[in-house]
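See structure below.
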Amino acid sequence: MPPTSPPALAWRPIAAWALLYIAAWSVLPPLLTSSFPLDVAESLSWGREWQWGYYKHPPLAPWVLHGFYRVFGQSGPFLLSQLCIAATLYLVWRTALRLVDRQRALLAALLTMAVVYYTRPALEFNHNIAQMPIWAGLGHSLLAALQDGRRRQWLLWGLWAGVGMLTKYSVAILLIVQGLYLLAAQRHVLRQSGPWLAVVLGLAIFAPHLAWLVRNDWLPLTYASSRSSSHPTRAAIDFLLTQWLNHLPLAVIAAVAAWRARRAAPGQGRWRWQTAWPGYVLTVALGSGLLVTVLGLVTGLGVHDMWGMPMWAFSGLLLMAVWPQAWLPAAQRPLLRGLAVWLVLITLLTDVFLAYGAQWRQRPSRTDWPQAALAAQAQRTWDAVSTCPLDVVAGDYWLTALVTTAQASGPSVLINHDARFSPWVSLERLQTRGVLWLWQDGQTPAPPAPMDGLPQDGPWHSGQWELAWPFNGQPWVLHWRAYVPAACAR
């Protein structure tokens, strides 16, 4: 008869694997790339300005990202992603300990890494990655509050909610799902003070950004509506399909382990709940993804695939919450071996793609642009015409971010099209400190506001650069104009 309890998992090899994995995904990527990913570069250009909001998103993720860049340099953004994932796994484990036994809880946390979102997409720290520990924290804190009923646990739930809304508005999806769960299954707690104190705390944390939204005519929401899908029904179906594809490694690992375990314990496996809280597990594991899909199908909401990144922290927990007890001893080793194979494989493939992907495709991804050469050329050009530090770089969001984020203390950006996108740049600042304006060959942009307020017959300089571009044999041609105040003229 096979054993009914799996052997205890050894913490030391797991910890060693985790440290090696974090190092590989934090140290190697900046060595294999020549520029930051788009979302990283853009958020870095925002975070240094310390605003209560930005035209796309709330402020917390750019603030934290900028801090990590200043402390850890080029590895900082990549390390931050891995720490977000590590925090997520820890919170999943803490949640699972309240629902299943210790062995299942640890497996539940580890198997989260078999969801693709926690591997290759995590190279690009953005607001979705920043949400991952927040969604796990919301799941853990609400469960703790329901089980123990302590006021401080309700306040922790409110804290996670407020911090989450300062990170990305899509956290509201999970809050709605959890609210529906309370109304359907835990209505009695609404007669207590804890949930309402949590609401007050969450709103207090979110209040400064809410005030910013009011002052700025709800700019991020206006921006989001402008990017809505023109085919919302198809977008909802694509969203659901993408979420399934991101679970494919987990499904394969589980299927192989189940097959091995079934052979070791034939006729003994029964898929049934191993927890007294099945409704809660289903709520936090599936509720958000299903709600988004339904809203997309019913209301025409234009959903985006990557919204799903933080929604699946509890997929491993759902699997372990129904895994047959008789199969667990025989399945534990195949589950861990399958996970190890997946993580080694995706790490190697990612590093190879970062190192050679542009050469194979003969076109660069966002991490293959000559950022250092561009930033150095911009600095040399500015130093040749001005005695003042380079303070503002104007242009499209990608070019400006490449220049300004090459170092942690770089200049500010002035983004094309709308002065509200760069409220930290005023006409007075440009008049006293100057500006370097960039655009690529073939473009004829209008000067972004408030640059259009500078005198056209003032102290302008202009020219053209040709930078090495190794992907098609042709140089990268850019044009520049510099406004240099009289006090800074060389």
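The values are calculated or read from the model by the stated rules, or taken from the named source; none is laboratory data. What you are looking at is a predicted structure, and each value in this text was computed from that prediction instead of being measured. Neighbour counts run over all protein chains shown; Cβ positions are idealised from the backbone, glycine included.
Collect the residues in segment 34-53 that are part of a loop (DSSP other than H, G, I, E, B) and over 13 Å from the mean Cα position of the chain (by Cα), keeping them in residue-number order.
Ser34, Ser35, Phe36, Arg48, Glu49, Trp50, Gln51, Trp52, Gly53
With respect to Asp238, is the statement that it is at pLDDT below 95, more than 26 Å from Gly308 (Cβ to Cβ) and surrounded by fewer than 19 Cβ atoms within 10 Å (Cβ to Cβ) true?
No, not satisfied.
Given the conditions (1) among the aromatic types (Phe, Trp, Tyr); (2) part of a loop (DSSP other than H, G, I, E, B); (3) free of Cβ contacts under 8 Å to residues at least 24 places away in the same chain, and given that Trp271 satisfies all but one, which numbered condition is not satisfied?
(3)
Mind telling me which of the residues Ala161, Ala198, Ala204 ends up being surrounded by 18 or more Cβ atoms within 10 Å (Cβ to Cβ) and more than 22 Å from the chain's Cα centre (by Cα)?
Ala198
Check Ala257 against each of (1) closer than 22 Å to Ala114 by Cα; (2) among the aliphatic types (A, V, I, L, M); (3) surrounded by fewer than 20 Cβ atoms within 10 Å (Cβ to Cβ) and name the one condition it does not meet.
With respect to (1) closer than 22 Å to Ala114 by Cα; (2) among the aliphatic types (A, V, I, L, M); (3) surrounded by fewer than 20 Cβ atoms within 10 Å (Cβ to Cβ), Ala257 is out only on (3).
Mind checking which residues of segment 393-408 are in contact (Cβ under 8 Å) with a residue 40 or more places away in the chain and out of contact with any Phe, Trp or Tyr (no Cβ under 9 Å at 6 or more places or on another chain)?
Residues satisfying the conditions are Thr400, Thr404.
If you go through segment 330-389 one residue at a time, how many are at pLDDT below 95, among the basic types (Lys, Arg), loosely packed, with under 14 Cβ neighbours inside 10 Å and assigned to a helix (DSSP H, G or I)?
1
Restricted to segment 459-490, and to residues that are assigned to a loop (DSSP other than H, G, I, E, B) and in contact with a Gly (Cβ under 7 Å, 6 or more places away or on another chain), which residue is nearest to Gln431 (Cα to Cα)?
That would be Pro485.
Any idea which residue in segment 420-452 is surrounded by the fewest Cβ atoms within 10 Å (Cβ to Cβ), counting only those that are of a type in the set (Gly, Ala, Ser) and under 23 Å from Tyr223 (Cα atoms)?
Applying the filter and picking the extreme gives Ala446.
Name the single residue that is nearest to Pro37 (Cα to Cα) among those in segment 359-376 being of a type in the set (D, E, K, R) and in contact (Cβ under 8 Å) with a residue 60 or more places away in the chain.
Arg366
Considering only residues that are in contact with a Lys or Arg (Cβ under 8 Å, 6 or more places away or on another chain) and either over 29 Å from Ser426 (Cβ atoms) or of a type in the set (Phe, Trp, Tyr) (or both), look in segment 49-83 and name the one that is surrounded by the fewest Cβ atoms within 10 Å (Cβ to Cβ).
The qualifying residue surrounded by the fewest Cβ atoms within 10 Å (Cβ to Cβ) is Tyr55.
Does any residue of segment 306-321 turn out to be aromatic (Phe, Trp, Tyr), within 24 Å of the chain's Cα centre (by Cα) and crowded, with 22+ Cβ neighbours inside 10 Å?
Yes, the conditions are met somewhere in segment 306-321.
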